[in-house]
Amino acid sequence: MPLTRSLLFATLLIGLLGSVHAHGMKHRHGLRDMWHLTDTHIHVLPPFYVAAVAEAGGDPSGYPTPEWSLEGTLRSMRSVGSEKAVLSLSTPGVPVVGTGEKGRTLCRKVNDFLANITHEDPTHIEFFGALPDWRDINGTLAEIDYIFKTQMAAVGVGMYTSYGDMLPGDPTFDPIWERLNMYKALVFMHPGVMDVNPLFVAGALPQPIVDYPQQTTRASGSLLVEAEFRRFYYDIALSTTKTQLTGLLLNTDTSHVLYGSDYPYAPALAIEGAKASYIAFAHDNPELSPDVLSQNAKDLLLKHKLSAGMYD
């Protein structure tokens with residue numbers, strides 16, 4: 001399973017965000033009201049997808065499904081200072097409806113929905129294509145081909161940290177990785193529901209609160225046998241405390257860090273709190289300024305667009 005593509009990790013850590021003040025920082029070290037950031041961790045919830053999740057019994061992670069609209073997305077982007085969003089499905093994603101034809105149909109409908117949004121506003125919207133449950137190997141391979149050979153609109157694909165009790169490094173998934181490598185695909189890995197017992201810590205805590213960071217670690221560990229850290233990129237959605245960002249920079253360089261908000265799963269107050277914490281850190285560490293994160297995203301997306309033949 002040679003890993004030749006880039007992996008973008010959603011470094012989601014949900015916690016209590018304290019009040020962080022960043023007065024007097026505008027126009028210093030690239031910190032401005034409009035940052036021209038690209039938000040690589042921001043989600044879409046088409047009405048038909050929300051209905052499918054509800055029909056399947058709701059989000060098995062225990063987290064409530066938020067309301068979503070494109071207008072709300074654009075408002076949140078303006079509030080944060082993002083000029084572009086790379087939309088993706090969060091958990092539970094298409095796998096919530098199973099591994100059969102129903103999942104393949106839902107997946108195609110999601111990708112066509114996202115392509116239409118992008119076509120209407122390509123300046124501000126791009127997307128990671130959705131994939132079926134990876135345990136449906138043939139369905140996943142077919143959708144990868146559709147995304148990169150037929151549709152040619154997505155900047156990459158989204159995946160989850162597990163499918164049932166299988167991690168992404170499981171040899172069963174080798175054909176999927178080989179197909180992604182063939183297209184030199186950018187892969188966005190988002191935490192998924194852990195198949196563990198008990199399902200919820202303390203009997204009630206939704207998995208995103210406690211389990212998702214551990215799930216991301218387990219999934220990335222399953223890939224490290226043949227992967228290289230230099231191919232890993234990390235978004236900072238809700239992970240912007242000094243401790244978190246300092247720790248991140250001990251393990252990667254600044255060119256591999258990207259911005260993310262986790263809208264609409266994160267409420268506005270949490271997004272603003274994370275933003276303020278990041279501003280405070282960037283003020284003292286200009287090598288991680290919004291300008292740097294913006295350029296990182298542009299470079300990464302352009303590289304994979306060129307690899308996929310989206311530009312001549």
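Net length available on complete extension from A54 to T172 is 39.5 nm, with 0.36 nm assigned per residue and the Cα-Cα distance removed. The ranking of H41, H283 from fewest to most other beta carbons within 10 Å of each one's beta carbon is H283, H41.
Full extension of the chain between A268 and T65 yields a length gain of 71.6 nm, computed as 0.36 nm times the residue separation minus the alpha carbon distance.
Taken together, the values in this text are just the output of simple stated rules run on the coordinates, not laboratory data. Given the structure is predicted, the values throughout are model-derived calculations rather than measurements. Note that each Cβ is placed from the backbone with ideal geometry, even for glycine, and that neighbours are counted across all protein chains shown.
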